[in-house]
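The values are calculated or read from the model by the stated rules, or taken from the named source; none is laboratory data. Computed from a predicted model, the values in this text were never measured in an experiment. A quick note on method: Cβ atoms are made from the backbone with ideal geometry, for glycine too, and the neighbour counts reach across all protein chains shown.
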Amino acid sequence: DLTYTTRYYEVKDLPKSVQYKKLYTIGLEVPDNATILQFKKWVRKFLWENAGNGKYQHPM
């Protein structure tokens with residue numbers, strides 16, 4: 001969730017299989033380095049933890 005509000009998503013409404021992450025980002029602005037690095041860490045962690053399990057398929 002890359003919005004700057006909590007009004008769009010309720011974590012309790014998501015299936016248990018969904019790994020939810022909240023990263024507050026302001027619209028129409030480039031995120032600061034800390035925000036970008038956090039996003040990259042989450043993506044790398046997901047890719048590492050799910051390599052070869054069918055949840056992620058690298059585009060050809």
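Any residue in the range 25-37 that is farther than 13 Å from residue 4 by Cβ sitting within a Cβ distance under 6 Å of a residue that is at pLDDT 95 or above and in a loop (DSSP other than H, G, I, E, B)? List the pairs, counting only those 6 or more apart or interchain.
As it stands, the answer is none, since no pair meets every condition given.
Does at least one position in the range 46-60 carry a residue that is exposed (fewer than 10 other Cβ atoms within 10 Å of the Cβ) and at pLDDT 95 or above?
The answer is no, given that none of the residues of the range 46-60 is exposed (fewer than 10 other Cβ atoms within 10 Å of the Cβ) and at pLDDT 95 or above.
Does residue 35 fit the bill of being surrounded by 10 or more Cβ atoms within 10 Å (Cβ to Cβ), assigned to a helix (DSSP H, G or I) and not small (Gly, Ala, Ser)? Lay out the reasoning, then the answer.
Details: surrounded by 10 or more Cβ atoms within 10 Å (Cβ to Cβ): yes; assigned to a helix (DSSP H, G or I): yes; not small (Gly, Ala, Ser): yes.
In short, yes.
Condition first: among the small types (Gly, Ala, Ser) and at pLDDT below 95. Now tell me which residues in the range 16-45 satisfy that.
17, 27
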